[in-house]
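A short worksheet on the structure shown next.
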Amino acid sequence: MRLTELNDATLIRKALDTLATRLDGKPAAANTVARKRGIFYEALRYAVELRLLPTHPMDHVQWVAPRSTDEVDRRSVVNPDQAIELLSAVSERAPRLVAFFACIYYAALRPGEVVHLRVDECELPESGWGVLRLTGSTQHAGRDWGDDPSVVLEDRELKHRAKTATRAVPAPPPLVRALRWHIAAYGHTVDGRLFYVPTYSNKPVSKWSCTYAWRQARVRALTRAQQQSPLAARPYDLRHAAVSLWLNAGVPATQVAEWAGHSVHVLLKVYAKCIEGQDDVARRRIGEALGLPDQDNEI
């Protein structure tokens, strides 16, 4: 096909429809469609820059991308009792990972941030609250996608932050105790990394071992019906549970966003449906503004 054929709006629309479809014929995720559409748009813009196309073909096509479903499914969010049951189940089969999952639940860390966590980034007093000062994230980039094909893991900056940026997150007493126990039991690598595999040259713990341990924990801690539900289906759902807990506890959204490494806009967009109890408060305030008697203002 010649490049000039892309001036045909029908062909462009067909290409966009293809980007929105998976290989099995099912609709692709909205984020995937947005990413592929952006790449396609930039490629065509480069062709215009090289004078291979007179104008950008996509500017003349009316095409609506699928809506993004960024909201967290509240069915996936565990309560504190369920979280403790899951952590206890992890301790029975994979005790080296108890503090790993505790960091996600109690401090809302992303898994990559936990993998990157160093001992000198942790302030862990003998009692009370501590602080985790995050400096980066370790990502499983894959051999074909990283800067070095021989390296599967890459240390990177915090998400949406500059390379030198840091983020301080409070560590509640249960997390402080879990990390102090982990350090006493397993130590750390020469560079201070807390979560590593000693049998593989002290390499960082892999996402596959974490996923496997989590699946086993769900089987041991949850009922059969809960196992078939979205409840804590992934370790990442512990982060959703942490942020939801903070918001429901009344922590201001600006503070939660800072701790979680979100913008306030994204935070409220993603977690809006996980904030419970707000309807009752809103109705009571409206009733008070209307001057309703107490018996009529009961929820």
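The values are calculated or read from the model by the stated rules, or taken from the named source; none is laboratory data. Note that the structure is a prediction, hence the values are computed from the model and not measured. No Cβ is skipped: glycine too gets one built from the backbone with ideal geometry, and neighbour counts run over all protein chains shown.
The table below lists the values:
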| quantity | calculated |
| --- | --- |
| Failed condition for Arg177, given (1) modelled with pLDDT of 90 or more; (2) farther than 29 Å from Leu245 by Cβ; (3) of a type in the set (D, E, K, R) | (2) |
| Where Lys36 falls short, out of the listed (1) without any contact (Cβ under 8 Å) to a residue 12 or more places away in the chain; (2) surrounded by 12 or more Cβ atoms within 10 Å (Cβ to Cβ); (3) within 35 Å of the chain's Cα centre (by Cα) | (1) |
| Residues of the range 171-182 classified as loosely packed, with under 15 Cβ neighbours inside 10 Å and closer than 16 Å to Leu117 by Cα, total | 1 |
| In the range 134-152, residue modelled with the highest pLDDT [restricted to those that are surrounded by 14 or more Cβ atoms within 10 Å (Cβ to Cβ) and more than 18 Å from the chain's Cα centre (by Cα)] | Val152 |
| Selection from the range 228-258 of residues that are in contact with a helix residue (DSSP H, G or I) (Cβ under 7 Å, 6 or more places away or on another chain) and at positive phi | Ala232 |
| Residues within the range 5-49 that are in contact with a Leu (Cβ under 7 Å, 6 or more places away or on another chain) and either farther than 14 Å from His60 by Cβ or of a type in the set (Asp, Glu) (or both), tallied | 6 |
